[in-house]
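Everything on this sheet refers to the single structure shown next.
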Amino acid sequence: MVAATLPPVKERKPIKDLQKVFHYTDTQSRKPTRDNDPYEYQAGWGNRFQSEVIPGTLPAGQNNPQEVRFGLYTEGITYSAFAAPRHANFSTYMYRVRPAAAHNGYKTNIETKAHIENCFLSINPKVETLSEQAEWAPFPLPAETETIDFVDGLHTLGGSGDPNLREGIALYVFMINASMDHRAFCNLDGDFLLVAQHGNLDIQTEFGKIFLQPGEICVIQRGVRFSIRLGPGHKEARGYITEIWGSIWELPDLGPLGGHGLANPRDFLYPVACIDDNLHESWTIVNKSNGKYNSLSQDHTPYDLVAWHGNVVPYKYDLTKFSSQNSTSIDHTDPSVNCVLTAKSRDPNTSLVDFLWFGPRWDVASNTFRLPYFHRNSATEFLASLYGNGLGRSDDFLPGGGSVEVSHTPHGGFSEGYQFEMRVQENEPRRILENQMTIMVESSRSFLFTEYARGGCGTFHNQGTDPKIWDVLPDKFSAYPGIQDILAQVKADKVARKERQEIYYNDDRLAELIKPAQSQTANSDIGVGTKDGVVEPVVSTADTTAATTNDVEAKDSVIEPVVSTTDTTATAKDVEAKDHVESVVSTADTSAPTTGVEPKESVVHVETVVSTAATNGVESH
């Protein structure tokens with residue numbers, strides 16, 4: 001048997017530029033990290049990890065030995081109540097060179113170039129709502145004459161709630177041109193979700209190191225100390241942060257998608273234990289507490305964990321690995337299918353915030369307006385382009401900037417693409433959003449915005465959408481042929497329908513309505529019967545004598561003949577009744593009236609009435 005000749009295939013070639021890939025798998029890499037990522041990681045969402053710089057450091061079978069190997073100190077960090085349910089119980093044991101409690105005291109009133117605001121309550125005069133659509137051009141990077149690290153380069157845009165209430169959210173941007181030198185940051189208020197937009201970031205945490213590049217995100221939990229440095233070859237960096245209070249970042253439920261899809265658990269990477277080479281240097285720890293900076297100094301590095309185990313550990317995720325889902329038949333799917341991480345609110349049916357991905361994917365819906373339809377979402381939407389063209393409402397929406405629509409703000413597109421998609425056409429499968437990446441922070445809360453966001457940043461535009469652009473989407477309804485006649489007919493039909501319905505609410509009018517029907521029933525002829533909703537004739541054998549209701553009786557679902565005893569010699573040949581259809585043929589005057597037949601249960605059955613002399617001549621059925 002000759003083997004079938006297979007058709008030629010188009011050879012795949014690896015793509016190394018992660019901003020050009022359709023998906024991470026285009027790199028054809030066998031590593032879980034990008035080629036220039038220098039660090040080692042542990043994989044798997046939600047695990048209880050453990051890591052050691054020196055094997056054998058972790059105590060076996062217990063957490064608090066009398067003496068930790070190598071003279072280390074046991075220290076714990078909790079992220080939940082001690083008695084929280086297992087699925088919500090978070091803590092980590094650390095075995096470190098010096099306890100974190102060993103420091104020289106706190107200092108308040110820290111001088112900083114940052115703009116931090118965390119009280120998003122209406123009583124705070126420093127924050128205001130934005131009544132129009134807002135947009136920011138790329139946030140300015142620090143001037144070369146300045147030295148701005150993460151502590152000084154953090155700026156709050158807006159938010160809702162207050163960290164002191166353990167409930168809410170805040171949005172930030174950061175722009176830096178310097179690494180944190182012997183300085184660590186500790187957020188005592190909530191969790192940071194960092195997004196790199198411009199420049200690589202080398203992040204050192206107490207639990208190990210994370211390398212973050214544009215298109216990747218990193219979550220650092222409340223209370224964890226970290227330092228952000230510029231990656232090799234980068235002189236500046238910019239990114240976005242979403243902070244949540246009173247909640248935690250989680251993977252969204254997949255529902256009918258099953259066990260896999262969107263952001264897959266195995267693609268989340270956690271650091272391994274790492275300590276500084278020089279453990280005895282002066283360090284400053286800058287804390288953010290209730291939106292205010294304070295600091296403490298110590299004579300040893302905070303990065304001295306020789307071993308640790310637990311589930312309070314920072315992690316990162318590469319957005320190019322997102323396994324997107326979408327409609328494969330018709331209609332535009334809600335953006336919730338692009339959710340990477342979510343954080344719950346007090347409302348069990350509504351999240352506090354969803355972090356969404358908009359990257360390259362297939363668009364295959366048929367007979368459908370594929371673009372986002374005009375909408376007024378209950379959520380506040382903050383959009384930011386990481387690279388590429390983005391998904392903003394205008395050409396001013398560029399990487400490094402942002403836009404926002406607060407709750408129920410009407411919005412939608414107006415480009416030529418929108419006009420083209422509104423035409424009836426045959427939809428072909430296509431790849432969309434190639435060579436670009438956009439993120440959305442979607443929150444159920446109504447946001448208030450800071451002075452920095454409303455003007456201090458220097459890139460704010462609060463003009464909303466220029467009304468003139470809507471001229472490309474005119475009123476086509478009013479120009480529809482005969483539309484006024486159609487509307488007039490609809491209105492007339494509505495009035496008539498209302499008039500008919502009103503009769504049933506008025507007893508006098510209802511009585512007048514049914515009076516003709518009652519009269520017709522009273523005057524109906526006796527020779528008319530009904531069977532299965534059909535009127536059937538009954539013909540008397542008498543001459544002019546009218547049958548009475550006594551001549552007819554409903555019986556056994558079959559109409560039976562009525563034979564008059566007046567001057568008749570009826571025989572079986574004269575009248576025959578069979579099955580459910582009967583005919584009675586008069587041997588006398590056929591003009592006899594048919595009144596007197598009484599319908600009963602839609603089918604009339606007639607008893608045979610015959611004279612004594614002719615009884616033997618009638619066959620009953």
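Derivation of every value follows stated rules applied to the coordinates shown; laboratory data play no part. Everything numeric in this text was worked out from a predicted model, so none of it was measured. Here the Cβ is made from the backbone with ideal geometry for all residues, glycine too, and neighbour counts use every protein chain on show.
Please arrange LYS292, LYS344 by counting, for each residue, the other beta carbons lying within 10 Å of its beta carbon, fewest first. Provide the component values of the computation, followed by the final result.
Working: LYS292 13, LYS344 16.
Least crowded to most crowded, the residues run LYS292, LYS344.
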Can you sort TYR317, TYR293 from fewest to most other Cβ atoms within 10 Å of each residue's own Cβ?
TYR293, TYR317
With θ taken as phi - 60° and the coefficients 6.51, -1.76 and 1.60, list the Karplus ³J(HN,Hα) couplings across segment 468-483 in order, rounded to whole Hz; mark glycine and proline as x.
5, 5, 6, 5, 6, 10, x, 6, 8, 5, 5, 8, 5, x, x, 5
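Quote the relative contact order of segment 24-320 in percent (integer), defining contacts as alpha-carbon pairs under 8 Å separated by 6+ residues. Kindly include the intermediate steps, with their values, before the conclusion.
Numbers: 670 pairs, mean separation 78.9, N = 297.
Relative contact order here is 27 percent.
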Packing-based exposure ordering (other Cβ within 10 Å, fewest first) of SER51, SER282
SER282, SER51
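Which of rounded, prolate or oblate describes segment 72-117 when judged by the alpha-carbon gyration tensor and an a/c cut-off of 1.5?
Working: a/c = 3.36, a/b = 1.42, b/c = 2.36.
Taking the square roots of the gyration eigenvalues as a ≥ b ≥ c, segment 72-117 is oblate.
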³J(HN,Hα), Karplus 6.51/-1.76/1.60, whole Hz, each residue of segment 270-278, x for Gly, Pro
10, x, 10, 4, 7, 10, 5, 5, 9
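If packing is taken as the average number of other Cβ atoms within 10 Å across a peptide's residues, how do 180-191, 323-334 rank, most packed first? Intermediate results must be reported in sequence, preceding the final value.
On the way: 180-191: 19.5, 323-334: 13.2.
Highest to lowest by the protection proxy: 180-191, 323-334.
Between ILE110 and GLN62, take the C-beta separation as r, use R0 = 41 Å, and let me know the FRET efficiency to the nearest 0.05. Each step should come with its number before you reach the end.
Numbers: r = 40 Å, r/R0 = 0.98.
Computed FRET efficiency for ILE110 and GLN62 comes out at 0.55.
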HN-Hα couplings for segment 197-211 via Karplus (6.51, -1.76, 1.60; θ = phi - 60°), in whole Hz with x for Gly/Pro, come out as 10, 9, x, 8, 10, 10, 9, 9, 10, 4, 9, x, 9, 10, 9
List the trypsin sites (Lys or Arg not before Pro) within segment 198-263 that DSSP assigns to loop and that have no more than 13 neighbouring Cβ atoms inside 10 Å.
LYS235
Taking the mean number of other Cβ atoms within 10 Å as a proxy for protection, how do you rank 85-91, 241-247, 406-412, 154-160 from highest to lowest?
154-160, 241-247, 406-412, 85-91
Non-local residues with an amide H under 5 Å from the amide H of GLN197, with H modelled 1.01 Å from N and Pro and chain starts lacking one, are ARG238, GLY239, TYR240
Considering amide H positions built from the backbone, and no H for Pro or chain starts, which residues 5 or more places from TRP245, or on another chain, come under 5 Å of its amide H?
GLY168, ILE169
Pair SER378, ILE330: separation of 7 Å Cα→Cβ label points (nm)
2.7 nm
Which residues' amide hydrogens lie under 5 Å from the amide hydrogen of HIS115, considering only partners 5 or more residues apart or on another chain, with H built in the peptide plane?
LEU154, HIS155, THR156
